[in-house]
Amino acid sequence: MDENETRRKLADFVMRTEFFSMGEECKKYEEAFAKKQERKFAVFVNSGSSANLILVQALLNLGKLKRGDKVGVSAITWSTNVMPLLQLGLVPVAIDCEKESLNVSSSKLEPYLKEIRGLFLTNALGFCHDIKEIRSLCEEREIVFLEDNCESLGSKAYGRLLGNFGLASTFSFFLGHHLSTLEGGMVCTDDEELYHMLLKVRAHGWGRNLPKEKLEALHKEHGTDPFYALYSFFDLGYNVRPTEINGFLGNLQIQYWDEVVASREKNFKFFNKKKKENNDLLALSVDHMDTVSAFAMPIICKDKTTFESYKNKFTENGVEIRPIVSGDITSQPFYKKYINSHGDCPNARFVHQNGFYFGNTSELNEGELGILYSLI
Ligand SMILES: Cc1ncc(COP(=O)(O)O)c(C=O)c1O
């Protein structure tokens, strides 16, 4: 948002700061983000993918998930939602989506409830299905419920922000997402124990970023000699810290949160109204949502011929379009390589084969909106 001004402020920051590695700017951004997201804790990292990775590692470190556990994932998701599960010895189980919401519903989840220990749901493209019911089912069965909210910042359903239904949620600040720090990601939770573990996992497995009393207690527990305190490593971790440049950008961009969400929602409503009147396209059902902070505008065609014709129409008019995220994740080469029984997700396959999306940003101008509207 406000690119020229942001560049000028960044240049000034770079000239005057004495500190580039993770510090006060990152901390300030975490606090501001947790407040806007209405969560107690936020941990800033260098990408949404890293947010997913440290979240899964932290849950393993805490014993809330165990190697070999099955974890449900949305069939329409992003590669690095599923990959950390595979990398860390868990078993992803793809759950099909509903065509009208592009998201997993409680009825699609139901058959898997007995086998999964965790559910890492993706709130795809700013939408959700009956996520309140999904949360209750997970609570009843003591399934660890996590949300990959990288595409749905600001969306709300059943009176609650998406990202606040599960134990923890992740966000991405890559270009094209609602807020951008160039590269960046966040994990949010209200669980203090998980928060403390995430702080360790984010940086080397050490305790330096923990609150003072917590760190002192750990040193006491392990009888650390003070000389070795700075190089004491308590659990499995990585180094996925952001820089102060990302933190500084986050603090500038977060001021636009409300504006970004409002304009993404306004654009979505504008396009969706037209889309509903078009019989070539499948209608989206969002009546259960309070706010649709759409990441992008999905166009799901009724069949392959219609898909080809709309794809050409958009491309010929110079509009950049993309497949619906990773499409049907079970059809991706990595998934086939590493997962033997890759279930059947017919709705995700349909969306994969007959759908695409075009970008929705808060800075689309009248002319661009007009062209896009004419193509639907
Ligand atoms: C659902 C989802 N999860 C995770 C990611 C990864 O985020 P990043 O690109 O910041 O690593 C993305 C990226 O677009 C995404 O859409």
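Just a few scattered comments:
- When the range 258-375 is described by a simple charge dipole with +1 on each Lys and Arg Cβ and -1 on each Asp and Glu Cβ, the residue from THR361, TYR373, TYR338 located farthest towards its positive end is TYR338.
- The local environment of VAL91, defined by Cβ-Cβ distances under 14 Å, has a net charge of +2 under the rule Lys, Arg +1 and Asp, Glu -1.
- Cut-off 14 Å between beta-carbons: net charge of the residues surrounding LYS9, Lys and Arg +1, Asp and Glu -1: -3
- For the chain, built as a Gaussian network whose Cα springs stay under 10 Å, the top-fluctuating residue of PRO346, PRO242, PRO84: PRO346
- Accessible area of the range 3-255 divided out per residue, in Å², using a probe of 1.4 angstrom: 43 Å²
- Where N is the number of residues in the range 204-243, Cα Rg divided by 2.2 N^0.38 Å: 1.18
- Whether the range 43-83 is rounded, prolate or oblate, judged on the alpha carbon gyration tensor where a/c under 1.5 counts as rounded: oblate
- Mean shadow area of the range 1-144 over all directions, Cα convex hull, nm²: 11.0 nm²
- Here the range 258-375 exposes an accessible surface that is 49 percent carbon and sulfur, computed with a 1.4 Å probe and the other protein chains kept in place.
- Burial order of peptide ranges 348-356, 71-79 (average beta-carbon count within 10 Å, highest first): 71-79, 348-356
- Size descriptor for the range 237-292, Kirkwood hydrodynamic radius: 14.5 Å (Cα pairs only, one decimal).
- Assigned charges on the beta-carbon of Lys, Arg, Asp, Glu; the chain dipole about Cα centre (debye): 500 debye
- Carbon + sulfur, % of accessible area of the range 16-62 - ligands and nucleic acids excluded, 1.4 Å: 50 percent
- Taking every protein chain into account, the accessible area of the range 286-376 amounts to 49 square angstrom per residue (probe 1.4 Å).
- The overall shape of the range 258-375, judged from the alpha-carbon gyration tensor, is prolate: a/c is not under 1.5, and a/b is greater than b/c.
- Cα pair distances exceeding 14 angstrom across the range 149-221, given as percent: 68 percent
- The chain - mean residue ellipticity at 222 nm from DSSP helices (-39,500 (n - 2.57) per run, n ≥ 4, rounded to 500): -12500 deg cm²/dmol
- In terms of distances greater than 31 angstrom between alpha carbons, the cross-link table entries LYS28/LYS273; LYS132/LYS269; LYS36/LYS266 yield LYS28/LYS273.
- Springs join every pair of Cα atoms under 10 Å in this Gaussian network model of the chain, and among SER101, SER136, SER293 the largest mean-square fluctuation is at SER136.
- For the chain, built as a Gaussian network whose Cα springs stay under 10 Å, the top-fluctuating residue of ARG202, ARG241, ARG67: ARG67
- Taking the protein heavy atoms of the range 108-204 in the context of the full set of protein chains, the accessible area attributed to carbon and sulfur is 45 percent at 1.4 Å.
- Where the alpha-carbon atoms of the range 3-255 are placed on the principal axes, they occupy 54, 52, 30 Å, in descending order.
The values are calculated or read from the model by the stated rules, or taken from the named source; none is laboratory data. In this text, all values refer to a predicted model and were calculated from it rather than measured experimentally. Neighbour counts are summed over all protein chains in view; Cβ atoms, including those assigned to glycine, are modelled from backbone coordinates with ideal geometry. Side chains are part of the model used for accessible areas, which takes the heavy atoms of the whole protein and leaves out ligands, DNA and RNA. Shrake-Rupley method; radii C 1.70, N 1.55, O 1.52, S 1.80 Å.
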